[in-house]
Amino acid sequence: MTLGEWIKDDAEDLAIEIANDIAKDMAQDMAKNIAQDLIEQSTRQTVIKTTAEAVLDILELRYSITPEIHQKILSESDIHTLKIWHKLAVTSTSLEDFILKM
């Protein structure tokens, strides 16, 4: 093996090692970002579900709710809307009042 061939082989080996290190770092960063996104999505879904259940708990204690209202509340995915409904469930004077203000 000539000096030139040895330098070329060494350079190729070094390039492969550097590429592998970069790929490993990129993969770790991607995995970290995906995990963080999954945690945030799971947390958001948990808050939405818990808030919807709180609205239902209050309404079920106060009134006899229809399956349609039950389903509408459970299918709501906007936390802001659910928080408004939560306050409304507490302050409404009747189920009709709650439904009208939804």
Can you give the net charge of the other residues whose Cβ lies under 14 Å from the Cβ of GLY4, counting K and R as +1 and D and E as -1? -3
HIS80 and ILE99 label points (each 7 Å along its Cα→Cβ direction) are spaced in nm at 2.7 nm
Tell me the relative contact order for the chain as a rounded percent, counting alpha carbon contacts under 8 Å between residues six or more apart. 24 percent
For Kirkwood radius over Cα pairs in Å, pick the label among [x] 16.1; [y] 15.4; [z] 17.9 that corresponds to the value derived from the coordinates. [z]
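Take each complete run of DSSP H in the chain, measure how far its Cα atoms stretch along the helix's own axis, and keep only those covering 15 Å or more with mean Kyte-Doolittle hydropathy at least -0.5; list them.
Helices meeting the span and hydropathy rule in the chain are 3-62, 79-91.
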With +1 on the Cβ of every Lys and Arg and -1 on the Cβ of every Asp and Glu, and nothing else charged, how large is the dipole of the chain about its Cα centre, in debye rounded to the nearest 20? 1060 debye
With 0.36 nm assigned to each residue of separation and the Cα-Cα distance removed, GLU12 to THR66 gains 12.3 nm
Tell me, in nm to one decimal, what length is gained between THR43 and MET26 on full extension, where the rule is 0.36 nm per residue of separation less the Cα-Cα distance? 3.6 nm
What aspartates and glutamates sit close enough to LYS49 to cross-link, taking a C-alpha to C-alpha distance under 15 Å and skipping anything fewer than 8 places away on the same chain? GLU40, ASP57, GLU76, ASP78
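Read-outs throughout are calculated quantities, based only on the coordinates presented, and are distinct from any laboratory measurement. Predicted, not measured: the structure shown is a model, and the values here were computed from it. Using ideal geometry, Cβ is built from the backbone for each residue, glycine included, and neighbour counts are taken over all protein chains shown.
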